[in-house]
Amino acid sequence: MIARERPETLLLAAGGIADGRGLAAALALGADGVLMGTRFWATREALIHPAAKQRVLAATGDDTVRTQVYDIARQRAWPAAYTGRLLRNAFIETWHGREDALRAASAERRRDVEDADAAGDYDVANVTVGEAVGLIDDLPGAGDLVLRIAEEAEAAIRRISGMAAAALSKA
């Protein structure tokens, strides 16, 4: 609706986009561009622990959960309505749904989380990703990724254009 009603407004799509097909779909719906978080999180240049990147390569969107356990464990006052999407792990399985108990133990759990983060222990430390994580199966350089996404989007647009042209010629 924004694309139709306010064409002068820059419109960026975000969420669940990790490849050229997602970019092409967003452009077809009227977006001027896209924001890709998780896809660029999983590149060689991203300053993310290698063990976390390996978890991303093995994950699907079904391996994620929206939770506030890390905000509680780190004693960060964050509104409960604004959870983070994370890869499930042993820490989340222990505390998700038991937030009140975690609040009571948060000083000890904060040390656990901070130590695990420093050690690259992602059974305890968190891996923040979106549901598009299931579309990620490599760790390219960011520049190579941009080129690949552009090529994929162009191919998708050409394919759709060819299908539309064929359908119109039959009409």
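The values are calculated or read from the model by the stated rules, or taken from the named source; none is laboratory data. The structure displayed is predicted, hence computed values, not measured ones. In this analysis, Cβ positions are derived from the backbone assuming ideal geometry, glycine residues included, and neighbour counts consider all displayed protein chains. Note: accessible area is taken over every heavy atom of the protein model, side chains too, but ligands, DNA and RNA are not part of it. Shrake-Rupley method; radii C 1.70, N 1.55, O 1.52, S 1.80 Å.
Remarks
- The listed residue being surrounded by 13 or more Cβ atoms within 10 Å (Cβ to Cβ), hydrophobic (A, V, I, L, M, F, W, C) and over 22 Å from GLY143 (Cβ atoms), out of ALA58, ALA31, ALA18, ALA24: ALA31
- Check on VAL65, touching a Ser or Thr at 6+ places or on another chain (Cβ under 7 Å), β-branched (Val, Ile, Thr) and either free of Cβ contacts under 8 Å to residues at least 12 places away in the same chain or within 23 Å of LEU35 (Cβ to Cβ) (or both): no
- Wholly within region 90-149, helices (runs of 4 or more DSSP H) carrying at least 3 residues that are out of contact with any Lys or Arg (no Cβ under 6 Å at 6 or more places or on another chain) and modelled with pLDDT under 95: 99-104, 106-119
- Of everything listed in (1) in contact with an Asp or Glu (Cβ under 6 Å, 6 or more places away or on another chain); (2) under 23 Å from ILE136 (Cβ atoms); (3) of a type in the set (A, V, I, L, M, F, W, C), the single unmet condition for ALA42 is (1).
- Within region 11-40, the residues that satisfy the criterion of being under 11 Å from GLY130 (Cβ atoms) and either touching a strand residue (DSSP E or B) at 6+ places or on another chain (Cβ under 8 Å) or part of a loop (DSSP other than H, G, I, E, B) (or both) are ALA14, GLY15, GLY16, ILE17, ALA18, LEU35, MET36, GLY37.
- Residues within region 116-140 that are under 18 Å from LEU23 (Cβ atoms) and loosely packed, with under 12 Cβ neighbours inside 10 Å, tallied: 2
- All positions within region 122-159 that are without any contact (Cβ under 8 Å) to a residue 40 or more places away in the chain and not aliphatic (A, V, I, L, M): ASP123, GLY143, ASP144, ARG158, ARG159
- Hits in region 41-55 (condition: over 30 Å from ARG159 (Cα atoms) and in a helix (DSSP H, G or I)): PRO50, ALA51, ALA52, LYS53, GLN54, ARG55
- Residue match in region 74-83 (condition: within 23 Å of GLY20 (Cα to Cα) and open to solvent by less than 50 Å² (accessible area, probe 1.4 Å)): no
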